[in-house]
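Everything on this sheet refers to the single structure shown next.
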Amino acid sequence: MSSSGLTVLDYKALPKIELHAHLSGSISRQCLHEVWLLKKAAGETDLQDPLIEMPPGKHDYDLKTFFPLFSSYIYNLVNDAPTLRYTTLSVLRDFAEDGVVYLELRTTPRAMPAAGLTEADYVQTILDTIADFERSPEGKTLRTKLILSVDRRNTAAQARHVLALCKQFQRLGVVGVDLCGNPAVPLDARRLGPVFEEAREVPGLGMTLHFAEAECSGGDAELDALLAWRPDRLGHVICVGERVRREIVSRKGVGLELCLSCNVHAGMVRGGFESHHFGEWWKVAGAVVVLSTDDVGVFCSPLSNEYALVAQHFGLSRADICGLIRNGLDVIFGGEEEKSRLRDVLWEA
Ligand code: IMP
Ligand code: ZN
C-alpha cells in the first residue's frame, strides 16, 4: 500500500495513457528469449540467450551500455518480418495488460535487407500488427498510434526519408515524428533542422523531441535549436537551467514526457526517485506532465508502477493521479476522435 492508499493492482486497473515508449526497448526479455529459442532451434542465430545477455534484475544500463544493446544485440534478433510481428504483438499485449488504453509507440524505421524488408515494409508491418491486435478480443481496450523517430546521428537524407514515411502512413496511424538516439552523439541542428521545420508544417503531424537528456546534450545551442523547431512535446527534460525552464513554461501547454525509472536506473539523474525533476514539474501551470516508461523491456517498470512510484515519492493522492492522467489528453497526437473516446474512458474510472 502506498501513501495514496492505492495498491499496485489499482494502478494497473486505472486506465492510463502512454506517450513515450520505444518499440524495440519495450520488448520484454521473456519475449526476446522466446524469439531466440525459435531462431536457435532453426540454426538462425549465434547470439547469446537474452536471459543471459540481459539478466533478469539487471536494470542499471547507463548511456554507455544502453545504446549498444540495440545496435549489437536486439536488432540482430529482431531481424525479419515474423519476428517484428511477434515482438510488436507482445509489446501491445504487455501495455494492454498493464491498463494502458491509449499508446503512442515510437520506432526508428529500420530496413532489414537480409529479410528483404525496406523501411516502409517495417512501418507497414507494425501498423498491420496494431490493426490485427485491435481487432482481437485482448486488444479491445487499447488504441495505439505510431510515431516515427529520426536518430540524431541520421543524415539529412535519412531524416527526410523518415518524414516521407510519416506522410505516407499518416492515414494509417502515424501521428508524429520524434528525435531520439544517443545524446553523446553531437547534434547537427543545421543538418536536421530543415527536416523538422518541414515536419512542423505537415497538418496533423505532432512533433516530440528527446530534450536535455544528459549534460552533453543540454547545452544552450542545442536546446535553443530544438525549441526553435516548435515541438509539441519534449522527452526527459533533465539538464535544463532556469532560462530554458522559463522558456518551456512560457510556451503554455508543451507536453513533458517524464520517465522516472529509466532516468534513475540509467543514472541520468542524481539522488534517486525523490530527487527526480517530476517533483518540480508536475504542479507547474503551463506544462503538461505525462508519465511514461521509455524502455520498459530494459528498465522493467511498467506504467502502473511509475504511477505507484510518484504516489510513493511525491505523495500524490488518487485525485492527483487521475488528474495527471486526464491532463495528458491535451497533448496526445491522436486527434479529436481519440480524445473524445478517451474522455469517456478516463472520466469513468
Ligand atoms: P526503436 O526505435 O524501436 O528501434 O527503439 C530503440 C531505439 O530508440 C534506440 O536505438 C534509440 O535510438 C532509441 N531510444 C531508446 N531509448 C532512448 C532514450 O532514452 N534516449 C534516446 N533514444 C532512445
Ligand atoms: Zn526515449
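The values are calculated or read from the model by the stated rules, or taken from the named source; none is laboratory data. Only a predicted model underlies this, so the values are computations on that prediction, with no experimental measurement involved. Virtual Cβ from ideal backbone geometry, glycine too; neighbours counted across all protein chains shown. To get the accessible areas, we keep the full protein, side chains included, count just its heavy atoms, and leave off ligands, DNA and RNA. Shrake-Rupley method; radii C 1.70, N 1.55, O 1.52, S 1.80 Å.
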- request: Leaving out ligands and nucleic acids, note down the accessible area per residue over the range 111-203 with a 1.4 angstrom probe, in whole Å².
  value: 46 Å²
query: Using 20 Å as the cut-off for backbone N distance, which residues of the range 117-143 belong to the label zone defined by a point 7 Å from the Cα of Arg153 along Cα→Cβ?
result: 119
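Relative to the Cα centre, what is the charge dipole magnitude of the range 1-106, using +1 at the beta carbon of each Lys and Arg, -1 at the beta carbon of each Asp and Glu, and rounding to the nearest 20 debye? Write out the running numbers ahead of the final one.
On the way: 10 positive and 14 negative charges, 13 e Å.
Magnitude of the dipole: close to 60 debye.
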message: Just to be sure I understand the model, the point goes 7 Å from the Cα along the line to the Cβ. What's the resulting Arg135 to Arg318 distance in nm?
response: 3.9 nm
- prompt: Roughly to the nearest percent, how much of the accessible area of the range 99-157 is carbon and sulfur, given a 1.4 Å probe?
  reply: 53 percent
task: Give, as a single signed number, the net charge of other residues whose beta carbon lies under 13 Å from the beta carbon of Pro50, with Lys and Arg counted +1 and Asp and Glu -1.
output: +1
- line: If each K or R counts +1 and each D or E counts -1, the residues other than Tyr122 whose Cβ falls under 15 Å of its Cβ total -2
statement: per DSSP, antiparallel bridges as share of beta bridges in the range 95-178, % nearest 5, sits at 10 percent
- request: Using only Cα atoms, locate the centre of the range 232-257 and the centre of the range 85-148, then give the distance between them in Å, rounded to an integer.
  value: 29 Å
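Can you tell me the dipole magnitude for the range 227-302 around its Cα centre, using point charges on the Cβ only (Lys, Arg +1; Asp, Glu -1), in Debye to the nearest 20? All intermediate terms of the calculation are to be shown ahead of the outcome.
On the way: 9 positive and 8 negative charges, 77 e Å.
Approximately 360 debye in magnitude.
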- request: Just grab the label-to-label distance for Glu337 and Arg251, each label 7 Å out from Cα along the Cβ direction, in nm (one decimal).
  value: 2.8 nm
query: In nm, to one decimal, how far is the Lys58 label point from the Tyr73 one, both placed 7 Å along Cα→Cβ?
result: 0.6 nm
message: I want the local charge near Pro82. Using Cβ-Cβ distances under 14 Å, sum +1 for each Lys or Arg and -1 for each Asp or Glu among the other residues.
response: -4
field: Fraction of beta bridges assigned by DSSP in the chain that are antiparallel (%, nearest 5)
entry: 5 percent
- request: Using the charge dipole of the range 144-289 (Lys, Arg: +1 at Cβ; Asp, Glu: -1 at Cβ; taken about the Cα centre), state which of Gly206, Leu192, His236 has its Cα farthest towards the positive end.
  value: Gly206
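Using a 1.4 angstrom probe, figure out how much accessible area the range 233-316 has per residue, in square angstrom, rounded to the nearest whole.
Using a 1.4 Å probe on heavy atoms only, each residue of the range 233-316 averages 34 Å².
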message: Output needed: Cys residues of the chain lacking any neighbouring Cys C-beta below 4.7 Å, sorted by number.
response: Cys31, Cys166, Cys180, Cys216, Cys239, Cys300, Cys322
- prompt: Structure shown: which of Lys58/Lys339; Lys16/Lys167; Lys58/Lys140 lie over 30 Å apart, alpha-carbon to alpha-carbon?
  reply: Lys58/Lys339; Lys58/Lys140
Loop-located trypsin sites (Lys or Arg not before Pro) in the range 126-209, at most 11 other Cβ atoms within 10 Å (DSSP): Lys140
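At 222 nm, what value in deg cm²/dmol follows for the chain if DSSP H runs of at least 4 each add -39500 (n - 2.57) and the sum is divided by all its residues, to the nearest 500?
Values: 16 runs with 158 residues, N = 349.
Taking each H run of at least 4 residues, the total per residue is -13000 deg cm²/dmol.
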